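Colleague: Provided herewith is a single structure, encoded as structure tokens, for subsequent inquiry.
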Amino acid sequence: MKKAVFALLLVPLFVLAQERPEEPVFMNVMITPNPAKIAEFEAGLTAHNKKYHATGANAVRVYWIASGENSGKYIWSMGPTTWAAFDESTNPSGDHAKDWNANVAPYAKAEMETTYWKGDAKHSNFTKDFTMKNLAIFYLDMKRFKQQEFMSVLGKVTKVFKEKDADEQWGVYWNQLNNRDGKDMVWVNFFESMTWMAEDNMFPQWYEEVHGEGTFTEFLKEFEASTHSDYQELWAFRGDLSGLSGEVVVTQN
């Protein structure tokens, strides 16, 4: 009888799980080219992506890191996709693997970092189609057991930008594996020109206009209490190396 009651209690959860759309996931592989073989590396990567990663769940975009300690490295990003698609990507067919090993791997260093990221639609803002060009990457390192507190902070930040800068497109993503690199969450802004770097930081003013006068100081305390640090990078989309174009389609005809 207890088992029957327990099963009935699970039915609503099972239905909700079926109805809830799966958030997109990405596999990001950071690759360091051999500095003496960059032309060969890019040629091999381009041909490989155009042949094996141009469409479908295994489609790939490539980014070049333009700032920070990883400057000059490449991000090979598969997605948006599903977890099931990674079964194939981690066990590619014979010809697929041979092509990578013959035309890409020889021109890259052995060091590599692979991370898995899950989209957060609630805190993202994709409201219109756009063409990807440059990305501003903002990593956050959360304190242990402080995710609930941080989610409150994130909710307040999201509210500010959705009210004050709703035309801006951004994505929030969560690292799906524990790590020691300070990369638990990333906020990604998409921009056309570096001139945005010269703009005044309106966030403190906007925050108090949305949440009330004098609230920004308390926000800083909450932010500090729930995070260790942050780290930023600038990425450039390399459409010439990618299998997938930079077109991001949000609206449906």
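The values are calculated or read from the model by the stated rules, or taken from the named source; none is laboratory data. These numbers were taken from a predicted model, which means no experiment stands behind them. Here the Cβ positions follow ideal geometry from the backbone for every residue, glycine too, while neighbour counts run over all protein chains shown. What goes into the accessible areas is simple: the full protein's heavy atoms, side chains included, and nothing from ligands, DNA or RNA. Shrake-Rupley method; radii C 1.70, N 1.55, O 1.52, S 1.80 Å.
Colleague: Which value in nm describes the separation of the simple spin-label points at M194 and D240, placed 7 Å from the Cα toward the beta carbon?
Modeller: Placing both labels 7 Å beyond Cα along the Cβ direction yields 1.8 nm.
Colleague: Moving on. For S124, enumerate residues with amide H under 5 Å from its amide H, sequence gap 5+ or separate chain, H modeled in the peptide plane.
Modeller: Close amide H contacts, sequence-distant or interchain: V172.
Colleague: If the chain between W64 and A43 were fully stretched, how many nm would it gain, using 0.36 nm times the residue separation less the Cα-Cα distance?
Modeller: Stretched out fully, the W64 to A43 stretch lengthens by 6.1 nm.
Colleague: With an 8 Å Cα cut-off and a minimum separation of 6 or more residues, compute the relative contact order for segment 15-122 in percent.
Modeller: 46
Colleague: Taking H as built 1.01 Å from N, whose amide H comes closer than 5 Å to the amide H of M185, not counting residues under 5 places away?
Modeller: L140, M142, N175
Colleague: Something else about it: Once you place label points 7 Å from the Cα toward the Cβ at K51 and N201, how far apart are they in nm?
Modeller: A separation of 4.8 nm, rounded to one decimal place.
Colleague: Starting from 0.36 nm per residue, how many nanometres of slack lie between K159 and K109 once their C-alpha separation is accounted for?
Modeller: Between K159 and K109, full extension yields 13.7 nm more.
Colleague: Another question about this same structure. With a cut-off of 14 Å, note down the residues of segment 100-125 whose backbone N falls inside the zone around a label point 7 Å from the Cα of E23 toward its beta carbon.
Modeller: 116-125
Colleague: Averaged per residue, what accessible surface does segment 153-218 expose to a 1.4 Å probe, in Å²?
Modeller: Numbers: 3910 Å² over 66 residues.
Here the per-residue accessible area is 59 Å².
Colleague: Please work out the FRET efficiency for the pair E209 and R144, using the Cβ-Cβ distance as r and a Förster radius of 30 Å; give the result to the nearest 0.05.
Modeller: My answer for the efficiency is 0.35.
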